[in-house]
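Read the figures in this text as sums done on the coordinates, not as results from a lab. Every value quoted in this text rests on a predicted model; they were computed, and no experiment measured them. All Cβ positions, glycine included, derive from the backbone under ideal geometry; neighbour counts span all protein chains shown.
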Amino acid sequence: MKRQEWKQATNDRGCAYLTSDGLRCAVGVCLPKSYDSKWLGQMGGLNTLIIQNGHILPKFISANSLFLSNMQAWHDNGFSNDTLREIASVFNLKIPKDLMHPGFGNESK
C-alpha cells in the first residue's frame, strides 16, 4: 500500500482487486499479474475469490486467508494504523515504523 502512496484501489462501485490506473487492494497485490485482465475491476470477498479462482491462485492465498481477509478489511476501511497494529498482534507480526500510514489513523502509539 505504501508503494502506491496509500491510495485505495477503488472504482465507481467500491474497492476492487485492481483498478484501471493500476492500483491494487491488499489482496490484489497477491494476485498473479498474468491474470490482470481477470482481476481488473473485480470486487468481492476473499472466500468467493478462492472458490471461483482457487485453481489459478498461489497456494499461500488460501493458506493465509484469515490474515488476508483482515488485510482486505483494513484496506477497504481506510488504512487505520490502530487496526493494522491489532492485525499484527493477532498474527504475531511486527510492523516497521516506515510502513505505517503517515498522518492517518495514528489513533494511538
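Computed on the range 2-99, with alpha-carbon pairs under 8 angstrom and 6+ residues apart, the relative contact order is 24 percent.
Excluding the site residues themselves, the longest part of the chain lacking any chymotrypsin sites (Phe, Trp or Tyr not before Pro) in a DSSP loop with at most 16 other Cβ atoms within 10 Å is 7-90. Panel order for R85, R24, R13, by other beta carbons found within 10 Å of each beta carbon, from fewest to most: R13, R85, R24. When each of K59, K7, K97, K2 is scored by the number of other beta-carbon atoms lying within 10 Å, the sequence from fewest to most is K97, K59, K2, K7. Compared with the direct C-alpha span, the chain from I56 to D98 gains 11.8 nm at full extension, assuming 0.36 nm per residue. Excluding same-chain residues fewer than 8 positions from K94, which lysines have a Cα within less than 23 Å of its Cα? Hits, sequence-local ones excluded: K2, K7, K109.
Residues C25, C15, arranged from fewest to most other Cβ atoms within 10 angstrom of their Cβ, appear as C15, C25.
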